[in-house]
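Participant: Have a look at the structure that comes next, please.
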Amino acid sequence: MAFRATDLKLVLEEIAPALIEGWIQKIYQPATHVVVFEFRARGATYRLLVSCEPETARLHLVRHRLRNPPSPPPFCQFLRAHLDGARLQMLHQVSEDRVVTMEFTTKSGPRTVVCELTGHAANILVLDEHQHVLRDLNHQRDRVGQRYQPPPSQPSALDKKVTPRNTAKTEDHRFPVSAAIESDYREQDARAAQDRVRLEQLRSLRKTLKKTRRRIDAWREDLAKATRYRDYARYGELMKANLSSITPAKDQVTLVDYYDESLPEVTIPLDRSKSPVSNMDDYFKKHRKYMAAERELVPRIAQAEGELNALERQIASIEQGTWTPPAEGRPARSNPVVKRDTSAPARGPFRRFTSGDGLPIFVGRNARENDQLTFGLAKNDDLWLHVRGASGSHVVVRLSKGSDPPPETLRDAATLALLYSDLKKSGKGEIVYTRRKWVKPAKGRALGAVIVTQEKTIHVRLDPTRLDALKARQERSLP
């Protein structure tokens, strides 16, 4: 049964004698458009619910305390700041419509709370002593500072001949009208709450789905780039076997491919500014980049595709109406976690990224993790980085023994060292880097403090394009 102006009149006649001269001891906002004012009057506590939900706008006392969110929304914070301890002087229905004014005395002077229970336009407004709007539930900023004007009266909402609500089952209650309204709306409120949970879960899942797709696309793009280097080990071996016959300052060389039984000739492009040995080394390095990408990215893509399928199934179940909201007291996760393959090795708590060359990069999140990363996870030949002259995260790049970090990987890691440091706001800085074996803990100093030798430096700026690419390749760490 819809909440009518006649219902409001009956509620006010019933509750006003109990609430007048009472004071507000607490305010909370259990839902986006629902506020509960908790009064203390004549030795008793009363909870006045004001709902501005379009389908269930109403005002009445409730017997049971509604669940309070972990942190109060901004409007609730405003109400607490202005009305905590306020004393209620008057509770009045405006023009026999679905509009109520509550007049308070506060430390800052008179304040009025207007509850417009008018369907889709329902709202709660706070007025100053001059009846100017200070704040409202619906964030209608154009009304702030303006003198309050009540909504147009709707006399059709008042029907003196309507059948009164059934209060027989609550006659033993001190406030039978409120009890009857609370009972009538209990099931409707439960359905509305479930709908809100479903919408929030759907929104969160779609957001996670979008991020997962972007991450997979970035990894596939990196893998496609690295796949071009699949045959480069063969080119390097052919050049190694023919180094003495390769003339410097050439842009290509034609060699017999003895890896093929038919012994065809193959033309290998060269960088004429480099020596034959440097060209050969470049081919071997690029092949190692391909091998690293295959080793790192293929399983990541497979795992992320499994997560993607799980997310799509969850979304489909919500859209088809087969998803069941979590039980009372177990709210849905705002960031849903997809079950992972338990056979995979558990990752540490560090931030994890992948460089443009397919190499893993680890970033500590605090002093404890910095210490664990540098002196626990990192190996002697790994690359270690830290911002110079400021506090920040330790950054480690996993390298195979005897290999050097590719220039783009070095710049990726240095960018992360700057991003997670006190120099982030400046957007630029000097980064120290060395092998992990040249980093020692500083005795007698704070956890994470180190002494570095054999270091080199690189100056970097926070490049938005590089940062976006790194974040797209970031992995969620496990606790």
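Participant: Can you list residue pairs whose Cβ atoms sit under 8 Å apart, with the first residue in segment 52-66 being β-branched (Val, Ile, Thr) and the second being assigned to a strand (DSSP E or B) and surrounded by fewer than 19 Cβ atoms within 10 Å (Cβ to Cβ)? Count only pairs 6 or more apart in sequence or on different chains.
Facilitator: These pairs meet every condition: Val62/Arg47.
Participant: Does segment 369-386 contain any residue that is in contact (Cβ under 8 Å) with a residue 12 or more places away in the chain, acidic (Asp, Glu) and under 15 Å from Trp438 (Cβ atoms)? Steps first, please.
Facilitator: Taking segment 369-386 first, the residues in contact (Cβ under 8 Å) with a residue 12 or more places away in the chain are 369-375, 377-386.
Checking which are acidic (Asp, Glu) leaves us with 369, 371, 381-382.
Right, trim to under 15 Å from Trp438 (Cβ atoms) and you get 381-382.
Looking for residues that are in contact (Cβ under 8 Å) with a residue 12 or more places away in the chain, acidic (Asp, Glu) and under 15 Å from Trp438 (Cβ atoms), one finds at least one in segment 369-386, hence yes.
Participant: At pLDDT 95 or above and touching a helix residue (DSSP H, G or I) at 6+ places or on another chain (Cβ under 8 Å): is that true of Val114 in this structure? Break it down into steps so the answer makes sense when it comes.
Facilitator: Numbers: at pLDDT 95 or above: yes; touching a helix residue (DSSP H, G or I) at 6+ places or on another chain (Cβ under 8 Å): no.
No, not satisfied.
Conditions (1) surrounded by 12 or more Cβ atoms within 10 Å (Cβ to Cβ); (2) modelled with pLDDT of 95 or more; (3) of a type in the set (A, V, I, L, M); (4) more than 26 Å from the chain's Cα centre (by Cα), marked per residue:
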residue	(1), (2), (3), (4)
Asp381	yes, no, no, yes
Ala390	yes, no, yes, yes
Val395	yes, yes, yes, no
Lys424	yes, no, no, no
Val432	yes, yes, yes, yes
Gly448	yes, no, no, yes
Lys456	no, no, no, yes
Leu467	yes, no, yes, no
Arg473	yes, no, no, no
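Participant: Among the residues of segment 214-239, count how many are of a type outside the set (Ser, Thr, Tyr) and not in a helix (DSSP H, G or I). Break it down stepwise before answering.
Facilitator: First pass over segment 214-239, keeping only residues of a type outside the set (Ser, Thr, Tyr): 214-226, 228, 230-231, 233-234, 236-239.
Then drop every residue that is not not in a helix (DSSP H, G or I), which leaves 228, 230-231.
So the answer is 3.
Participant: Ok, one more. Check segment 206-225 and report whether any residue there is under 30 Å from Val256 (Cβ atoms), among the charged types (D, E, K, R) and surrounded by 14 or more Cβ atoms within 10 Å (Cβ to Cβ).
Facilitator: The answer is yes, given that some residue of segment 206-225 is under 30 Å from Val256 (Cβ atoms), among the charged types (D, E, K, R) and surrounded by 14 or more Cβ atoms within 10 Å (Cβ to Cβ).
Participant: Right, next: Filter segment 86-137 down to the residues that are over 18 Å from Phe37 (Cβ atoms) and touching a residue at least 60 places away in the same chain (Cβ under 8 Å) and list them by number.
Facilitator: Of everything in segment 86-137, those that are over 18 Å from Phe37 (Cβ atoms) and touching a residue at least 60 places away in the same chain (Cβ under 8 Å) turn out to be Glu96, Asp97, Thr118, Gly119, His120.
Participant: Got at least one residue in segment 372-381 being among the hydroxyl-bearing types (Ser, Thr, Tyr) and farther than 13 Å from Val460 by Cβ? Let's see the steps before the verdict.
Facilitator: Filtering segment 372-381 down to residues among the hydroxyl-bearing types (Ser, Thr, Tyr) leaves 374.
Retained after the next criterion (residues that are farther than 13 Å from Val460 by Cβ): 374.
Yes; the residues of segment 372-381 include at least one that is among the hydroxyl-bearing types (Ser, Thr, Tyr) and farther than 13 Å from Val460 by Cβ.
Participant: Another one. Report, ordered by the first and then the second residue, all pairs with beta carbons closer than 6 Å, sequence separation of six or more or different chains, a first member in segment 190-203 that is part of a helix (DSSP H, G or I), and a second member that is not hydrophobic (A, V, I, L, M, F, W, C).
Facilitator: Gln194/Pro325; Val197/Pro325
Participant: Filter segment 62-88 for residues that are more than 15 Å from Pro30 (Cβ to Cβ) and in contact with a Ser or Thr (Cβ under 9 Å, 6 or more places away or on another chain) and give the result.
Facilitator: His82, Leu83, Asp84, Gly85, Ala86, Arg87, Leu88
Participant: OK, next. Would you please name the residue that is nearest to Leu49 (Cα to Cα), looking only at residues in segment 189-205 that are surrounded by 14 or more Cβ atoms within 10 Å (Cβ to Cβ) and of a type in the set (Asp, Glu)?
Facilitator: Asp189
Participant: A follow-up question, please. Is it the case, given these coordinates, that Lys207 is of a type in the set (Lys, Arg), farther than 21 Å from Gly358 by Cα and not assigned by TED's automatic domain parsing to the domain that holds Asp468? Full working, then the answer.
Facilitator: Numbers: of a type in the set (Lys, Arg): yes; farther than 21 Å from Gly358 by Cα: yes; not assigned by TED's automatic domain parsing to the domain that holds Asp468: yes.
It is true that Lys207 is of a type in the set (Lys, Arg), farther than 21 Å from Gly358 by Cα and not assigned by TED's automatic domain parsing to the domain that holds Asp468.
This table checks each residue for (1) of a type in the set (A, V, I, L, M); (2) touching a Lys or Arg at 6+ places or on another chain (Cβ under 6 Å).
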site	(1), (2)
Arg215	no, no
Arg220	no, no
Leu223	yes, no
Gly236	no, no
Tyr259	no, yes
Glu265	no, no
Asp271	no, no
Tyr283	no, no
Arg288	no, no
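Participant: Among (1) under 47 Å from the mean Cα position of the chain (by Cα); (2) surrounded by fewer than 16 Cβ atoms within 10 Å (Cβ to Cβ), there is one condition Gln314 misses while meeting the rest; what is its number?
Facilitator: (2)
Participant: Is it true that some residue in segment 405-412 is over 22 Å from Asp282 (Cα atoms) and touching a residue at least 24 places away in the same chain (Cβ under 8 Å)?
Facilitator: In the first step, residues of segment 405-412 are kept if they are over 22 Å from Asp282 (Cα atoms); the result is none.
No.
The values are calculated or read from the model by the stated rules, or taken from the named source; none is laboratory data. All values reported here derive from a predicted model rather than from experimental measurement. Because the Cβ atoms are built from the backbone with ideal geometry, glycine has one as well, and the counts that use them run over all protein chains shown.
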